[in-house]
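The values are calculated or read from the model by the stated rules, or taken from the named source; none is laboratory data. Values in this document were obtained by computation on a predicted structure and should not be read as measured data. Reconstructed Cβ throughout: ideal geometry from the backbone, glycine too, with neighbour counts over all protein chains shown. Remember, those area values only see protein heavy atoms, side chains included, never the ligands or the DNA or RNA. Shrake-Rupley method; radii C 1.70, N 1.55, O 1.52, S 1.80 Å.
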Amino acid sequence: MPELPEVETVRRGLNELVGGSEIKTIEVLYPKMLNNLTADQFIATLSGRTIEKVDRRGKYLLIRLSGDLTIVSHLRMEGNYDVVPEGTTPHKHTHIIFHLTDGRELRYNDTRKFGRMAVVNTGDEYTVSGLKTIGPEPTEKTLKLEYMEQIFAKSKKAVKPFLLDQSKIAGLGNIYADEVLWMSKIHPERPANSLTIAELKELRSNIILELQKAIAGHGTTVHSYSNAYGEAGSFQNQLNVYGREGEPCLRCGTPIVKIKLAQRGTHFCPNCQVLTEE
DNA sequence: CAGTACGCCTGGTAGC
DNA sequence: TGCTACCAGGCGTACT
């Protein structure tokens, strides 16, 4: 499932593969994935435009087109792009085909059809729901400790679902949320406002570090994720808790426990990550 | 306002 | 074997 590192990997791949390419025509096979345009409007508006570059904010891809238009593309759970020679048989889950003037096709595929696209004037992307309220990017520069102290102090919510809230911090999904809590030795059910400043400091550096490392590993492949080259990431080999239910904690050997928290599978070490405050 | 439950979707798999 | 039931979870929406 694409989280920030996977989306960043897709962004880089798209820039290399189709940056500078011109869209000849478009086929929309699943119109419901378009947020704010009909299929006909989408085709008419975007045909003939050049893909200038691809940016990213949180888990949103911002595909910049000539004429100051931006496609805001969210992959949700299983969306992915690939680039193939024109005439390649679309597979079962291909929903949009951008025919390029250079004889290739950029295709959007999405098994579960959760992904969405919207088209806005470049600069207006923050009017798209989700981006309207998005929190800071999890980098050294943009995610300040003081900001974290402020927002955590204001919420009684369990820290795991708190980390999944994109309006607080952008980019974390279910996998990396479990990972950074394990790294920081924080129990996922601890109320956000119970974390000490020392814990927040630790959590902050782990979030930043973990996402950097995952980007370096081209993302995590669980289920169906692949980048624009159709390649899987490698970071799943570096996961410490996610998907390791019953296996020994890599720090202390205690079997990893899986619970359901806010409707999400949540993995943690019951020995390293204790519920009571220090 | 803050917090929570559900719907959207399909493929894979556990269980009978 | 073949069927059903359920799980995977990001995010918008509806609700308390």
For the range A:145-268, convex hull volume per residue from C-alpha positions, Å³: 110 Å³
Solvent-accessible area per residue, Å², over chain A with all protein chains present [probe radius 1.4 Å]: 44 Å²
Accessible surface of chain A, 1.4 Å probe, proportion on carbon and sulfur as whole %: 50 percent
Cα gyration tensor category, rounded, prolate or oblate, for the range A:1-140 with a/c compared to 1.5: rounded
Across A:K32/A:K160; A:K59/A:K141; A:K24/A:K113; A:K59/A:K144; A:K141/A:K258; A:K156/A:K201, pairs whose alpha-carbon gap is larger than 29 Å: A:K32/A:K160; A:K141/A:K258
Fraction in percent of alpha-carbon pairs per bin - 5 Å, chain A: 1, 6, 12, 16, 17, 15, 11, 9, 7, 4, 2, 0, 0
DSSP-assigned coil residues among chymotrypsin sites (Phe, Trp or Tyr not before Pro) in the range A:112-198, each with at most 15 further Cβ atoms within 10 Å: A:F114
